[in-house]
Amino acid sequence: MLHRVHAAGLGEIAGKLDAGVRLTLEDGVRLFDCPDTLALGWLANREREKRHGARTYYNYNIRLEATNVCVASCLFCSFARLRPGDPGSYTMSLEQAWDKLRQRAGQPLTEVHVVNGLHPDLPFSYYTEMLRGFKRIRPDVHLKCFTAVEIAFFADLYGKTDEQVLRELQDAGLDSLPGGGAEVFADRVRKKICDDKCGADRYLAIHRIAHGLGMRTNITMLYGHIETMEERVDHMLRARALQDETGGLQAFIPLAFHPDNNQMRKLPAPSAVETLRVHGVSRLMLDNVPHIKAFWIAAGVETAQLALWYGADDLDGTVQEERIYHMAGSKTPEAMTTTAIRRLIRSAGREPYERDTLYNVIAGPEADLQSLTA
Ligand code: SF4
């Protein structure tokens, strides 16, 4: 295979990886430009296996989007409604949000993942009380809630600093931040597709503050729309630089653009090959981020399985309900049982490891055997 890597023009990059030399922006662009997807995948898989062997992580979680009312108008978004009362808009009461967790009292879930639209009329206590309520119902559950874009919005709306918002949410039970809202960090792209969101510097600064407060976070990248290869790699390098500073990132999560029911519907969705290549380049560029996640709802189940040979070592979790991607045309189911996820990982030739949000292992590959013999 090394012969093929050299023939594909990736010999110098392979040499750098062997020597532990960091890849540059030019290297990243060269990887994207290389037409030999297998050679790229082989290099990415080598890095994946150096870190994780055949291990593939997933978790038992639920996802909750408490409101889709949002003052922003991101071009790729099919989920948001501008005003309360607009057709298709909704805002859960706190009781309704808490019920989502109460209804799953019998499930051994370890994480609640919450992201929302940027609602202009809710009080800050809606969010702090939501967290407190979740912890009352399940004191041991990990609350991974609110993107950095939401944190910036809260700070501006309620007249607080970003740090105050994070501290107050942490006091109410927030454990970590999800990686949404990063899109593509380049100004050119943000201005065109998500001009209402906070800029890249503030997004990264909020993650930096969260890390300083002891929280772990993830970073996503929305790919497959108007971004250039340079802008993709630049995005990865900004995440890598933050990680050098703080060490607080757990996972990098490439998210495929879905074109249904939004203002960018004329663009095609990225292909499966593109998805594999983005995961592969992410693994190679982000040498200091432990995990590359193939979020099965965004990538598609089969492509996410393949991505486990292209740099990814995590599939996210059971999810249970999902609106953001399904309103944009995702054809995946909205939920998977842990049995289905484990089977998916095994049939991809990898070993399933259930983890909690912080990647503590809850059940290794032997769990399948135990359930068969129990
Ligand atoms: S992506 Fe988020 S911030 Fe943008 S319009 Fe949709 S819900 Fe609002």
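Rule-based calculations on the coordinates, nothing more; no lab input. Everything numeric here is computed off the predicted structure, so don't read it as measured data. Glycine gets a Cβ as well: all are built from the backbone with ideal geometry, and neighbour counts include every protein chain shown.
Check which residues have an amide H placed less than 5 Å from Glu351's amide H, if you skip close sequence neighbours.
For Glu351, the qualifying residues are Arg55, Thr56.
No partner Cβ under 4.7 angstrom, meaning no disulfide-compatible partner by this rule: which Cys of the chain qualify?
Result for the chain is Cys34, Cys70, Cys145, Cys198, no neighbouring Cys Cβ within the cutoff.
What is segment 178-308 by shape, rounded, prolate or oblate, if you read a ≥ b ≥ c off the alpha carbon gyration tensor as root eigenvalues and call it rounded for a/c under 1.5, prolate for a/b larger than b/c, and oblate otherwise? Show your work: numbers first, answer last.
Details: a/c = 1.84, a/b = 1.25, b/c = 1.47.
Here segment 178-308 falls in the oblate category.
Taking H as built 1.01 Å from N, whose amide H comes closer than 5 Å to the amide H of Tyr359, not counting residues under 5 places away?
Residues meeting the criterion, in which the H sits 1.01 Å from N, do not exist here.
Please list the non-local residues whose amide H lies under 5 Å from the amide H of Arg81, H modeled 1.01 Å from N, same-chain partners needing a gap of 5 or more.
Amide H to amide H, under 5 Å and 5 or more residues apart or across chains, Arg81 pairs with Val69, Cys70.
Rounded to the nearest 20 debye, what is the charge dipole size of the chain about its Cα centre when +1 sits on each Lys and Arg Cβ and -1 on each Asp and Glu Cβ?
On the way: 45 positive and 49 negative charges, 84 e Å.
For this selection, approximately 400 debye.
Report, in whole Å, the centroid distance computed from the Cα atoms of segment 207-271 and segment 7-64.
Value for the Cα centre distance between the two parts: 16 Å.
At a Cα cut-off below 22 Å, give the lysines reachable from Lys197, other chains included and same-chain residues fewer than 8 away excluded.
Cross-link targets: Lys144, Lys160.
Tabulate in residue order the Karplus-calculated ³J(HN,Hα) for segment 51-62, using 6.51 cos²θ - 1.76 cosθ + 1.60 with θ = phi - 60°, rounded to whole Hz; enter x for Gly and Pro.
8, 10, x, 8, 4, 9, 9, 8, 9, 9, 9, 10
Which ³J(HN,Hα) values, rounded to whole Hz and listed in residue order, are derived for segment 152-169 from phi using the Karplus coefficients 6.51, -1.76 and 1.60 in 6.51 cos²θ - 1.76 cosθ + 1.60 with θ = phi - 60°, glycine and proline given as x?
Rounded to whole hertz, the list is 4, 5, 4, 4, 5, 6, 9, x, 10, 7, 4, 5, 4, 4, 4, 5, 5, 5.
Please say if segment 1-70 is rounded, prolate or oblate, where rounded means a/c under 1.5 for a ≥ b ≥ c the square roots of the C-alpha gyration tensor eigenvalues, and otherwise the choice is prolate for a/b larger than b/c and oblate otherwise?
In terms of gyration-tensor shape, prolate.
For Lys160, what charge total do you get from the other residues with a beta carbon under 15 Å from its beta carbon, if Lys and Arg give +1 and Asp and Glu give -1?
Numbers: positive: Arg167, Arg202; negative: Glu150, Asp156, Asp162, Glu163, Glu168, Asp171.
Around Lys160, the surrounding residues sum to -4.
Would you mind checking the pairs Lys135/Lys191; Lys266/Lys331; Lys16/Lys191 and listing those with alpha carbons more than 27 angstrom apart?
Violating the 27 Å Cα-Cα cut-off are Lys135/Lys191; Lys16/Lys191.
Among Trp296, Gln170, Tyr158, which residue has its Cα furthest toward the positive end of the charge dipole of segment 150-297, with +1 on Lys/Arg Cβ and -1 on Asp/Glu Cβ?
Trp296
Could you identify which residue out of Gly117, Gly159, Gly173 has the top mean-square fluctuation in a GNM of the chain using Cα springs shorter than 10 Å?
Of Gly117, Gly159, Gly173, the most mobile in the Gaussian network model is Gly159.
Picking from Gly15, Ser93, Ala39, whose Cα lies most toward the positive end of the charge dipole for segment 1-138 (charges on Cβ: Lys, Arg +1; Asp, Glu -1)?
Ser93
With a 10 Å radius around each residue's Cβ, average the other Cβ atoms per peptide and rank 2-14, 281-293, 127-139, 245-257, highest first. Intermediate values should be presented prior to the final figure.
Numbers: 2-14: 15.8, 281-293: 23.5, 127-139: 18.2, 245-257: 21.7.
Descending packing order for the listed peptides: 281-293, 245-257, 127-139, 2-14.
How large is ³J(HN,Hα) for each residue in segment 190-195, as worked out from phi by the Karplus curve 6.51 cos²θ - 1.76 cosθ + 1.60 (θ = phi - 60°), to whole Hz, x for Gly and Pro?
With coefficients 6.51, -1.76 and 1.60, one gets 4, 4, 7, 10, 8, 5 Hz.
Can you give the helix-only mean residue ellipticity at 222 nm for the chain, where every DSSP H stretch with n ≥ 4 adds -39500 (n - 2.57) and the sum goes over all residues, rounded to the nearest 500 deg cm²/dmol?
Theoretical 222 nm ellipticity from helices: -13000 deg cm²/dmol.
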